[in-house]
1. Assuming a ≥ b ≥ c are the square roots of the Cα gyration tensor eigenvalues, decide whether region 173-216 counts as rounded (a/c under 1.5), prolate (otherwise, with a/b larger than b/c) or oblate.
2. Is region 240-287 best put as rounded, prolate or oblate by its Cα gyration tensor, with a ≥ b ≥ c the root eigenvalues, rounded for a/c under 1.5, and otherwise prolate when a/b is larger than b/c, oblate when not?
3. Region 158-202 to region 236-280: how many Å between their Cα centroids?
4. Return one whole number: the accessible area per residue of region 100-215 in Å², for a 1.4 Å probe.
5. Report in % the part of the accessible area of region 176-298 that belongs to carbon and sulfur, leaving out ligands and nucleic acids; probe 1.4 Å.
6. Report the label-to-label distance for Arg236 and Thr254 in nanometres (one decimal), using points 7 Å from each Cα along the Cα→Cβ vector.
7. Between Asp183 and Glu281, what length comes free when the chain is fully extended (0.36 nm per residue of separation minus the Cα-Cα distance, one decimal in nm)?
8. For every other residue with a beta carbon closer than 14 angstrom to the beta carbon of Asp157, add +1 if it is Lys or Arg and -1 if Asp or Glu, then tell me the sum.
Amino acid sequence: MRNAPALSRLVAPMIAVGVLVGGCGQAPSPRTADAGSTAVHGLSAQTAPAPAGVPGGPAAAGSQGHRELTQAAAPGSIPAGTIHRNPANGRDEVVVADIARTAVLIGDSQSEPAGSWPRRALAGLGYAVHFCGGGGTGFVASNGPTGNYIDALQRGDWLLPSGSPPLVLIEGGGNDAALGATDQQILANAERLITSVRQRYPEARLAMVGTLARGAANGGGRRTEVDALLGTVAARHSIPFVGVGDWLTRHNLTKLMADGVHMSPGGHAALAGLLARRLDEFGLRTPNPGPAEPAAGG
């Protein structure tokens, strides 16, 4: 009996079950497969416990300087769609089919539809797309269940993909304009988001797309102002930026709108071509071309 406490300390495996999920916008299930574990018949025995701290806490939000957060590769036997625990930050992530050619798209209702102009532009450059975000969200704005971009990332409202994607594209700002968010609020959260993404994906390229609008002289208002504001953030971090704060009128696309903010299918197609050309000019075509199959969330 004297050996029982020591034995219990030595044998303390954490058992988790891999769970398939449909996309980035889903909240994480409590049944996960942990990084550093070996899957056996759907179960995994943990060999590399996550560090102390709350998952999604400040370690990945920029509070520890610019320390890069790395991650052990997910076991190859884990299927795409499985939620996977990153031991570097204690945050759940999702395994995608081909991370080497997957672009992570963080955005709002301009990006959310499967046929949206940002998704189609990325697909045209050879990427599978993993979408993170939701309608009604932005750098400051939330839609209730899904927080603003940085809060949603930290608390797991949507899941980043496991591994190292070649590109992260951040789009948005329209809901922040509608909310009346101040320049200071938008700037602060954009800075936090960029810092967190760079820590998590130190090898990925980042790019930003601003706020789709009509232009200052044609009623663009606060949307056009937010677009220009985001351009200053991107410039500060040497991030390629596509300003779209006057595209609706510059490219005569108002006739292709479904409402006062969103595009019709034809509008999405027209904007996708314009955005793909601009991203290509920045040298952001996928370095790993392959068949055009969407990743989780795409």
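The values are calculated or read from the model by the stated rules, or taken from the named source; none is laboratory data. Just so you know, these numbers come straight off a predicted model, no measurement behind them. Ideal geometry is used to build each Cβ from the backbone, glycine not excepted, and the neighbour counts take in all protein chains shown. Calculation scope for accessible area: heavy atoms of the full protein, side chains included, ligands and nucleic acids excluded. Shrake-Rupley method; radii C 1.70, N 1.55, O 1.52, S 1.80 Å.
1. Oblate shape, in that a/c is at least 1.5 and b/c is the bigger or equal ratio.
2. Prolate, since a/c reaches 1.5 and a/b exceeds b/c.
3. 19
4. For region 100-215, the solvent-accessible area averages 26 Å² per residue.
5. 53
6. 3.3
7. 32.4 nm
8. -3
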